[in-house]
Amino acid sequence: MKTLQLIARNRLALAGGIILILVVVLALITPLLPLKAPNATDPANKNAFFGESGYLLGSDHLGRDILSRLLWGTRVSLAIGFISAVIAAVVGAAIGIIAGYAGGRTDNLLMRAIDMIMGFPYILLALAIVAALGPGLMNALIAVAAVNVPFFARNIRGVTVGLAHKEFVDAARLAGMSHARIILFEILPNVVPVIVVAASTTVGWMILETAGLSFLGLGSQPPDSDLGSMLGLAKDSLISDPHVSYPPGLMILIIVMSINLLGDGIRDALDPRLRSGALSRPMAATTVERKAPAPEPRESGVLTLTDIETQFHVGKRVFKAVNEVSLHVAPGECLGLIGESGSGKSVTALSVMGLVASPPGVITGGSARYKDEELIGADYGKLRSLRGDRVAYIFQDPLATLHPLYKVGDQLIEAIKVHHGIGRGEARKRAIQLLKDVRIPNAESRIDTYPHEMSGGMRQRVGIAMALANDPDVIIADEPTTALDVTVQAQILSLLSDLRKSRGLAIIFITHDFGVVAQLCDRAAVMYAGRIVEEGTTDQILNNPRHPYTARLMACVPELGEGKRRLEAIPGLPPAVDKLPEGCAFADRCHKVQADCRSGEIPLAKVGNHRARCLHPVERQATEAAQ
Ligand code: ADP
Ligand code: MG
């Protein structure tokens, strides 16, 4: 359903689809139309012009009705095109899936055979096949299907090879499924979209190829005709009566063009990456559509966010991923940003440097200042010169940030050279020093390894080295240690902590781990459903949480030496950010909820010594009262 809607949203594909449906319907109802017999000759009215002597589209050199022949011919051409596409797709996909799944010798044998077929120019091959089988429509169909099999086989094999070693296939194998079942139920469903796309973009070609064979007299035999043979006959009187060639020529053009437009639309709609956004590539920086002028910062810091608002516009739905978020960090300071998965932490971080993919991302308001420079809506050149140089990111998944085909050293050197016009030798020295800084053993030899030769912890440290490459003022670390084991995590945290002290680095540290916040951060902010719900010093947040959400989150953390205690999970789920309730977004899961929580705007107001977005905060604890 969604796929149909997406295709319909693409105007060209829609036009192609409608035209194709018209042509197909016309071809289907041809036998019911009051047409002259397609093969009835009328020697008195040869080569009649359009509309002459009762021939709407004229007549050919034997006086046959072109309109009738055109519709009957279209039927044949469409049928042959579609049937050969289906045959080529089924045979090609079967070969491709078997070769890709089996691998090894089977793969080699099948693919070399396919390569041999591909070694011939394919029109030549089609001609050879028809020559061997003899002219005729059936043989033309076989020839066209055969020459297209390699195309499908190669495509599908490529996709299957990628799937055959995925974890879900291994899991199916471990579960004892037979090869046939794995192919049918695990591989095939993932390959079908590729088959459909390949088929929809090649049907047009196949119709053209069959028409080509018929044009040369090797396809449909007289008196029957398809569009190709009509064109072939018309060429004999091209000088004296060119109009005879117009209808079949135009019809071929219309069919092939509408199929190709529709095929492109299907391809775009079936690609899941294109599904979520509009059918276009993300832009270099996030789109900014302000409803109000940029607000003045209320706090000062090396990086100050004020009322940042970032949304995802998907069709008619608006996801308010980040809603009026204000944060700041001073040099040498570390701010922890805590929240459940999906609370908007990453989108907040990415909004700063315009890294949220657009479409569908849109920054609809707020300001982000690096020192005195406004980043939201800044031109791309400025963002680019600051990205990675003054404000650097460390992402969660180091394997996704490092290019698999380049040595880590070369990637580091590139990161240095992009922002500093220094020579390669010097950049290399600096890269080695950086690797030493992040405590990678044998930095001199490690610099020449590929990312896959390193352990997860080392890759993450390379990611950190890269972020440090240009001695930035601010590092935004998005769950950099979530994928690591505790010992490596501890090393990385102490590394960041040292850098903060020695270089005056400001850090925004995104995590859902309170232990990490306690260890590293001076201040912390808690996010829920796209908003900051509580902020204060680490001590205030951890020891005196006032927002029920923070308090409940804290209660989920086990503590060493605390003895036996029930760990209370928070019931329910966070609200969807495209359907946020009025009032407090946490109300439905809150144990202290009251009627006034469910209406109006609840401000982030002073509660005790820090700030929380709550009307009925948790009582302050004894420790704070004593302060
Ligand atoms: P986290 O706090 O775990 O880092 P994110 O910042 O990644 O969470 O996501 C915030 C919200 O934005 C989530 O509710 C997510 O569903 C939504 N979101 C992220 N990307 C998209 C997108 N392309 N389209 C729609 N919603 C999105
Ligand atoms: Mg995230």
(request) Considering (1) closer than 30 Å to SER220 by Cα; (2) open to solvent by less than 50 Å² (accessible area, probe 1.4 Å); (3) among the hydrophobic types (A, V, I, L, M, F, W, C); (4) out of contact with any Leu (no Cβ under 6 Å at 6 or more places or on another chain), say which one VAL196 fails and leave the rest. (result) (2)
(request) Starting from residues that are away from ligand 1 (no atom under 12 Å from the Cβ) and of a type in the set (A, V, I, L, M, F, W, C), keep the ones in the range 309-356 and report whichever is most open to solvent (accessible area, probe 1.4 Å). (result) ALA330
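Conditions tested, residue by residue: (1) crowded, with 16+ Cβ neighbours inside 10 Å; (2) β-branched (Val, Ile, Thr).
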site: HIS419; (1), (2): yes, no
site: ARG424; (1), (2): no, no
site: ARG428; (1), (2): yes, no
site: LEU435; (1), (2): yes, no
site: VAL438; (1), (2): yes, yes
site: ASN442; (1), (2): no, no
site: ILE447; (1), (2): yes, yes
site: GLY456; (1), (2): no, no
(message) From the list VAL130, VAL159, VAL144, VAL149, exactly one residue is more than 20 Å from ILE207 (Cα to Cα) and open to solvent by less than 50 Å² (accessible area, probe 1.4 Å). Which is it?
(response) VAL159
(request) Filter the range 501-536 down to residues that are among the small types (Gly, Ala, Ser) and within 16 Å of ligand 2 (Cβ to nearest atom), then give me how many there are. (result) 3
(request) Tell me which of these GLN460 doesn't satisfy, since it passes every other one: (1) assigned to a helix (DSSP H, G or I); (2) touching a residue at least 40 places away in the same chain (Cβ under 8 Å); (3) among the polar types (S, T, N, Q); (4) surrounded by fewer than 20 Cβ atoms within 10 Å (Cβ to Cβ). (result) (4)
(request) Select, from LEU435, LEU399, LEU412, the only residue that is in a helix (DSSP H, G or I) and touching a residue at least 60 places away in the same chain (Cβ under 8 Å). (result) LEU399
(request) Inspect the range 207-217 for any residue being in the same structural domain as GLY96 (by TED's automatic domain parsing), within 30 Å of the chain's Cα centre (by Cα), within 15 Å of ASN148 (Cβ to Cβ) and crowded, with 22+ Cβ neighbours inside 10 Å and give the result as yes or no. (result) no
(request) For the range 341-353, name all the residues that are more than 10 Å from ligand 2 (Cβ to nearest atom) and not β-branched (Val, Ile, Thr). (result) SER351, MET353
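Is it true that some residue in the range 360-367 is more than 10 Å from ligand 1 (Cβ to nearest atom), assigned to a helix (DSSP H, G or I), open to solvent by less than 10 Å² (accessible area, probe 1.4 Å) and farther than 21 Å from PRO581 by Cβ?
Initially, the range 360-367 is screened for residues more than 10 Å from ligand 1 (Cβ to nearest atom), giving 362-367.
Restricting the remaining residues to those that are assigned to a helix (DSSP H, G or I) gives none.
The answer is no; no qualifying residue exists.
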(request) Sort through ILE29, ILE18, ILE66 and tell me the only one that's open to solvent by less than 10 Å² (accessible area, probe 1.4 Å), among the hydrophobic types (A, V, I, L, M, F, W, C) and farther than 30 Å from GLY162 by Cβ. (result) ILE66
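Keeping to the range 479-529, report how many residues are at negative phi, within 16 Å of ligand 1 (Cβ to nearest atom) and open to solvent by less than 20 Å² (accessible area, probe 1.4 Å). Walk me through how you get there before you give the answer.
Of all residues in the range 479-529, those at negative phi come to 480-503, 505-528.
Adding the requirement that they be within 16 Å of ligand 1 (Cβ to nearest atom) leaves 480-483, 508-514, 516-517, 524-528.
Filter once more, so that each one left must be open to solvent by less than 20 Å² (accessible area, probe 1.4 Å): 480-481, 508-511, 514, 516-517, 524-528.
Qualifying residue count for the region: 14.
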(message) Quick test for you: out of ALA48, ALA85, ALA44, ALA13, pick the one residue that is open to solvent by 10 Å² or more (accessible area, probe 1.4 Å) and either assigned to a helix (DSSP H, G or I) or in contact with a Gly (Cβ under 9 Å, 6 or more places away or on another chain) (or both).
(response) ALA44
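The values are calculated or read from the model by the stated rules, or taken from the named source; none is laboratory data. Because the structure is a prediction, the values reported are computed rather than measured. Virtual Cβ from ideal backbone geometry, glycine too; neighbours counted across all protein chains shown. We work out accessible area using only protein heavy atoms, side chains counted, and drop any ligands, DNA or RNA first. Shrake-Rupley method; radii C 1.70, N 1.55, O 1.52, S 1.80 Å.
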